[in-house]
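S.K.: Supplied in C-alpha coordinates, the structure appears directly below.
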Amino acid sequence: MIEIYWGTPLSLVTSPEGDVQKFGTIEKARHWLHRKWPVSDDARQRALETIEAAMDCMAPVGEARKAFMMAAKTAGFLPVVATQTVA
(Lines give C-alpha, C1' and ligand atoms only; values in the text may rest on other atoms or scores of the structure.)
Protein backbone atom coordinates (compact mmCIF):
# COMPACT_ATOMS: atom_id res chain seq x y z
CA MET A 1 0.00 0.00 0.00
CA ILE A 2 1.23 3.49 -0.81
CA GLU A 3 0.96 5.94 2.06
CA ILE A 4 -0.37 9.41 1.35
CA TYR A 5 1.67 12.12 3.06
CA TRP A 6 -0.52 15.08 3.84
CA GLY A 7 2.03 17.79 4.42
CA THR A 8 3.80 18.79 7.60
CA PRO A 9 3.12 16.15 10.25
CA LEU A 10 0.61 17.08 12.93
CA SER A 11 1.91 16.40 16.43
CA LEU A 12 -0.66 15.89 19.17
CA VAL A 13 -0.42 15.24 22.89
CA THR A 14 -2.55 12.11 23.17
CA SER A 15 -2.43 11.25 26.86
CA PRO A 16 -2.43 12.91 30.28
CA GLU A 17 1.15 11.66 30.67
CA GLY A 18 2.21 13.85 27.74
CA ASP A 19 2.62 11.15 25.08
CA VAL A 20 2.98 12.70 21.63
CA GLN A 21 1.89 11.14 18.35
CA LYS A 22 2.96 12.46 14.94
CA PHE A 23 0.42 12.13 12.15
CA GLY A 24 2.35 12.38 8.90
CA THR A 25 0.11 10.24 6.71
CA ILE A 26 -3.59 10.12 6.12
CA GLU A 27 -3.50 6.37 6.79
CA LYS A 28 -2.21 6.86 10.33
CA ALA A 29 -4.90 9.44 11.02
CA ARG A 30 -7.56 7.04 9.72
CA HIS A 31 -6.17 4.17 11.80
CA TRP A 32 -6.28 6.27 14.95
CA LEU A 33 -9.83 7.44 14.23
CA HIS A 34 -10.93 3.84 13.72
CA ARG A 35 -8.99 2.07 16.47
CA LYS A 36 -7.61 4.45 19.09
CA TRP A 37 -9.96 7.42 19.32
CA PRO A 38 -11.22 8.06 22.85
CA VAL A 39 -14.63 9.48 21.86
CA SER A 40 -17.24 8.69 19.24
CA ASP A 41 -18.78 12.01 18.30
CA ASP A 42 -19.88 13.94 15.22
CA ALA A 43 -16.41 15.46 14.73
CA ARG A 44 -14.83 11.99 14.63
CA GLN A 45 -17.42 10.77 12.14
CA ARG A 46 -16.92 13.82 9.92
CA ALA A 47 -13.14 13.33 10.03
CA LEU A 48 -13.49 9.67 9.06
CA GLU A 49 -15.78 10.53 6.15
CA THR A 50 -13.55 13.36 4.93
CA ILE A 51 -10.35 11.30 5.24
CA GLU A 52 -11.89 8.39 3.34
CA ALA A 53 -13.14 10.78 0.64
CA ALA A 54 -9.63 12.27 0.35
CA MET A 55 -8.13 8.78 0.09
CA ASP A 56 -10.52 8.16 -2.82
CA CYS A 57 -9.53 11.52 -4.40
CA MET A 58 -13.04 12.85 -3.83
CA ALA A 59 -12.07 15.58 -1.33
CA PRO A 60 -9.00 17.75 -0.82
CA VAL A 61 -6.40 16.47 1.63
CA GLY A 62 -6.42 19.90 3.29
CA GLU A 63 -10.08 19.39 4.20
CA ALA A 64 -9.21 16.01 5.70
CA ARG A 65 -6.50 17.63 7.84
CA LYS A 66 -8.94 20.29 9.06
CA ALA A 67 -11.57 17.70 9.93
CA PHE A 68 -8.96 15.59 11.73
CA MET A 69 -7.78 18.56 13.79
CA MET A 70 -11.36 19.40 14.75
CA ALA A 71 -11.90 15.80 15.87
CA ALA A 72 -8.62 15.93 17.82
CA LYS A 73 -9.83 19.07 19.58
CA THR A 74 -13.15 17.50 20.60
CA ALA A 75 -11.27 14.38 21.77
CA GLY A 76 -9.14 16.52 24.08
CA PHE A 77 -5.89 16.10 22.17
CA LEU A 78 -3.68 19.17 22.25
CA PRO A 79 -1.42 20.29 19.39
CA VAL A 80 2.29 20.38 20.14
CA VAL A 81 3.48 23.90 19.67
CA ALA A 82 7.03 24.27 18.41
CA THR A 83 9.14 26.44 20.64
CA GLN A 84 12.11 28.44 19.54
CA THR A 85 15.14 29.09 21.68
CA VAL A 86 16.72 32.49 21.23
CA ALA A 87 20.45 32.62 22.00
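S.K.: May I ask you to list pairs of residues, at least six apart or on different chains, whose Cβ atoms are under 9 Å apart, with the first in the stretch 13-24 being without any contact (Cβ under 8 Å) to a residue 40 or more places away in the chain and the second being assigned to a strand (DSSP E or B) and of a type in the set (Phe, Trp, Tyr)?
M.R.: Final answer for the pair search is Gly24/Tyr5; Gly24/Trp6.
S.K.: OK, next. For Glu49, only one of the following conditions fails: (1) acidic (Asp, Glu); (2) touching a Ser or Thr at 6+ places or on another chain (Cβ under 6 Å); (3) open to solvent by 100 Å² or more (accessible area, probe 1.4 Å). What is its number?
M.R.: Of the numbered conditions (1) acidic (Asp, Glu); (2) touching a Ser or Thr at 6+ places or on another chain (Cβ under 6 Å); (3) open to solvent by 100 Å² or more (accessible area, probe 1.4 Å), the odd one out for Glu49 is (2).
S.K.: Kindly indicate whether Ala47 is out of contact with any helix residue (DSSP H, G or I) (no Cβ under 7 Å at 6 or more places or on another chain), among the aliphatic types (A, V, I, L, M) and at pLDDT 95 or above. I'd like the intermediate steps shown before the answer.
M.R.: Details: out of contact with any helix residue (DSSP H, G or I) (no Cβ under 7 Å at 6 or more places or on another chain): no; among the aliphatic types (A, V, I, L, M): yes; at pLDDT 95 or above: yes.
Taking the combined requirement at face value, the residue does not satisfy it.
S.K.: Filter the stretch 1-24 down to the residues that are of a type in the set (A, V, I, L, M, F, W, C) and loosely packed, with under 14 Cβ neighbours inside 10 Å, then identify the one that is modelled with the highest pLDDT.
M.R.: Per the stated criteria, the residue is Val20.
S.K.: Next up: Cβ-Cβ under 8 Å, sequence separation 6+ or interchain: first residue in the stretch 63-83 and within 15 Å of Gly18 (Cβ to Cβ) and open to solvent by less than 90 Å² (accessible area, probe 1.4 Å), partner part of a loop (DSSP other than H, G, I, E, B) and of a type in the set (Val, Ile, Thr). Which pairs?
M.R.: Pairs that qualify, where the first residue is within 15 Å of Gly18 (Cβ to Cβ) and open to solvent by less than 90 Å² (accessible area, probe 1.4 Å) and the partner is part of a loop (DSSP other than H, G, I, E, B) and of a type in the set (Val, Ile, Thr), are Gly76/Val39; Phe77/Thr14.
The values are calculated or read from the model by the stated rules, or taken from the named source; none is laboratory data. All of these numbers come straight from a predicted model, not from anything done at the bench. Cβ sites come from the backbone with ideal geometry, for glycine too, and all protein chains shown count toward neighbours. The area values use the complete protein model at the heavy-atom level, side chains included, leaving out ligands, DNA and RNA. Shrake-Rupley method; radii C 1.70, N 1.55, O 1.52, S 1.80 Å.
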